[in-house]
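The values are calculated or read from the model by the stated rules, or taken from the named source; none is laboratory data. No experiment lies behind these values; they were computed from the predicted model shown. Note that we place each Cβ from the backbone using ideal geometry, even for glycine, and neighbour counts take in every protein chain shown.
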């Protein structure tokens with residue numbers, strides 16, 4: 001990788017939320033890239049908007065974990081083995097989901 005991240009590297013960092021764990025230099029380089037690249041800024045806004053929409057739809061009530069938090073905990077607690085398909089979600093895991 002060269003010093004300046006490519007659009008593909010910036011998009012991966014944005015989508016995977018790697019920015020929180022990147023080094024200060026890497027974050028600075030990504031911010032500089034975003035300053036210069038309108039396409040990547042637009043992608044970042046799309047990802048942020050998607051996150052807001054998901055939280056608004058599936059967010060938990062005060063003091064309760066959200067559906068997103070429960071799903072993340074389930075994924076982290078029971079990763080499927082190599083070549084093994086994940087089990088389908090239990091509908092009771094997502095009480096806020098629209099079941100129409």
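Only residues that are part of a helix (DSSP H, G or I) and either touching a residue at least 24 places away in the same chain (Cβ under 8 Å) or at positive phi (or both): list them for segment 1-10, please.
Scanning segment 1-10 gives 7, 10.
Name every residue in segment 11-38 that is loosely packed, with under 14 Cβ neighbours inside 10 Å, part of a helix (DSSP H, G or I) and either at pLDDT below 90 or within 19 Å of the chain's Cα centre (by Cα) (or both), in order of residue number.
The answer is 12, 15, 16, 20, 31.
Kindly indicate the residue of segment 1-10 that is more than 18 Å from residue 51 (Cβ to Cβ) and surrounded by 12 or more Cβ atoms within 10 Å (Cβ to Cβ) and also farthest from the chain's Cα centre (by Cα) among those meeting that condition.
4
When only residues in segment 39-63 that are over 15 Å from the mean Cα position of the chain (by Cα), more than 12 Å from residue 14 (Cα to Cα) and surrounded by 12 or more Cβ atoms within 10 Å (Cβ to Cβ) count, which is modelled with the highest pLDDT?
Among those that are over 15 Å from the mean Cα position of the chain (by Cα), more than 12 Å from residue 14 (Cα to Cα) and surrounded by 12 or more Cβ atoms within 10 Å (Cβ to Cβ), it is 57.
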